[in-house]
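Everything below concerns the one structure shown next.
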Amino acid sequence: MKNTTALILVCLLFSLSIHSQNSFEKLWTVVEKYEAENLPKSALKIVEKIYSKSQKEVNSPQLIKALFYKSKYSLTLKEDAQLKVIHQFKHHIAKTKFPTKNVLENILANLYWQYFTQNRYKFYKRTNVASSSAISKGDFRTWDLNTLFKEIHHYFKASLKEEAALQKININAFSDILYLQKDYEIYGPTLYDFLAHNALIFYKSSETSVTRPSYKFTIDNPEFITNANRFSKLKISSKDSISLQLNALKVYQKLITFHYKEDHKKALAAIDIERLNFVKRNATFDNKEDLLLKTLEKNNKNYESNGLYAFEIAKILKEKAENYQNSNKEKDQFKNREALKICDAIKHKFPESFGAKKCAFLKAAILDRSLSISAEEYIPVNTNSRLLISYKNID
């Protein structure tokens, strides 16, 4: 029954998108014209018309798009706009159902997050409020950092509920209202992918000013950097339930489990590599780079998508070659040769693959020629001075 309901909703949203493309196209063209002319006030007036029209016609895609543009222009034009925009989103979230509700919750979480990034200095100066009565429940601008982050986490988590149903909705059903990069449907084919990646932008952030408990979650388990299949079966839990890193790993695990089950090789490789690099950046255990290399090498098989893993290996080898003097590891001096062999192998096996294209850029960077000469600024008369000559790929 749930599957049937999800399918009906997809068909409904898709048909609504086609209808809105016809009836709303002229209005959005005017909005684009005013935006190009840097006239946000005029653009906002047209968006208000679209908003009212979409409400009357119960057109969910256009309502979401209009709400987004209303928030965009209002934030630059109106006093107390942030508060009004947030309340408007909450009003519609209370009235709407899956999957429109999930999209609105995701956008609302993003609006909170954007407000924080634009006003970071205010929150850093503000002390944590122990009593909830000391802050206004309705006015998020008075909240401390912990309260705001809990609210962001709440809405991102809510937006990812009913994940199985979200994973059945093709992202193209929302193409009229979402800005999607080229080939996004290959690496993020569903609405769940889109919402989860938005949440990951928040969870992967390196904000460290949130008060953490004594049982703070840390990425201290080498199993977190193991292969996709093994990682998907790990039990990831902690008393520190609102830890950003903990929730990032949980979202990665759900995405990897989903794409592994559905055999989405390209989507799986892309999200798995993102997870591995995230763990490497934030892990507290030793030898994380060596463990990462072992995991990447295990995935270097005869699939086109595995060219992405090979590229990551080549990139690490290039970094080792560039830093061998700092690390005092003479054996790393010629790692670029190994990196070039990997790049050439991928280009030979899968010449049109994304991995081959990335390897081509890496190979060009390795073979790039450079020469620089630095001299002392002030040199005494009749005195020898030294030059620093740095060169690459030049005799």
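The values are calculated or read from the model by the stated rules, or taken from the named source; none is laboratory data. None of the values given here were measured: they were computed from a predicted structure. Ideal geometry is used to build each Cβ from the backbone, glycine not excepted, and the neighbour counts take in all protein chains shown. Each accessible area value is taken on the protein alone, full model and side chains, heavy atoms only, with ligands, DNA and RNA left out. Shrake-Rupley method; radii C 1.70, N 1.55, O 1.52, S 1.80 Å.
Results, tabulated for the structure shown:
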read-out	value
Unsatisfied cross-links (Cα-Cα over 26 Å) in the set LYS288/LYS349; LYS250/LYS358; LYS84/LYS157	LYS288/LYS349; LYS250/LYS358
Where the range 236-281 is the region considered: accessible area per residue in Å², 1.4 Å probe	40 Å²
Dmax and Rg, reported as Rg then Dmax, of the range 211-352 (C-alpha, Å)	16.7, 52
Normalised alpha carbon radius of gyration of the range 228-306 [divisor 2.2 N^0.38 Å]	1.12
Furthest towards positive pole of dipole, ILE389, ALA345, GLN333, structure part the range 303-395, Cβ charges	ALA345
For the range 198-322, with +1 on Lys and Arg beta carbons and -1 on Asp and Glu, the positive-most of ILE273, THR257, THR218 along the dipole	THR257
Within the range 234-273: Cβ-based charge dipole about Cα centre, in debye rounded to nearest 20 (Lys, Arg +1; Asp, Glu -1)	80 debye
Charge dipole (debye, nearest 20) of the range 195-297; +1 at Cβ of Lys and Arg, -1 at Cβ of Asp and Glu	280 debye
Among TYR124, TYR112, TYR192: highest mean-square fluctuation, GNM of the chain, C-alpha pairs under 10 Å	TYR124
Cα pair count fraction exceeding 21 Å, expressed as % - the range 279-389	50 percent
Cβ-Cβ FRET estimate between SER241 and ALA365, R0 fixed at 41 Å, reported to 0.05	0.45
Cα-centred dipole magnitude for the chain, charges only on beta-carbon of K, R (+1) and D, E (-1), debye, nearest 20	880 debye
GNM flexibility winner over the chain from GLN55, GLN118, GLN253 (Cα, springs under 10 Å)	GLN118
Leading residue at positive end of dipole, the chain (Cβ point charges), from THR29, THR100, GLY188	THR100
The chain - percent relative contact order, Cα under 8 Å, separation 6 or more	10 percent
In degrees, nearest ten, helix 2-23 long axis to first principal axis of the chain (Cα)	80 degrees
Overall dimensions of the chain as given by Cα atoms, namely Rg and Dmax in Å	25.5, 91
Computed [θ] at 222 nm, deg cm²/dmol, the chain (DSSP H ≥ 4; -39,500 (n - 2.57); rounded to nearest 500)	-20000 deg cm²/dmol
Computed lengthening from ASP80 to LYS49, 0.36 nm per intervening residue step minus Cα-Cα distance	9.0 nm
Sites ASN119 and HIS348 - FRET efficiency at Förster radius 56 Å, r taken between beta-carbons, to 0.05	0.60
Ratio of the Cα radius of gyration of the range 136-251 to 2.2 N^0.38 Å, where N counts its residues	1.22
Surface share of carbon and sulfur [accessible, 1.4 angstrom probe, percent] for the chain	51 percent
Pairwise FRET efficiency - TYR378 versus SER175, Cβ, R0 = 45 Å, nearest 0.05	0.15
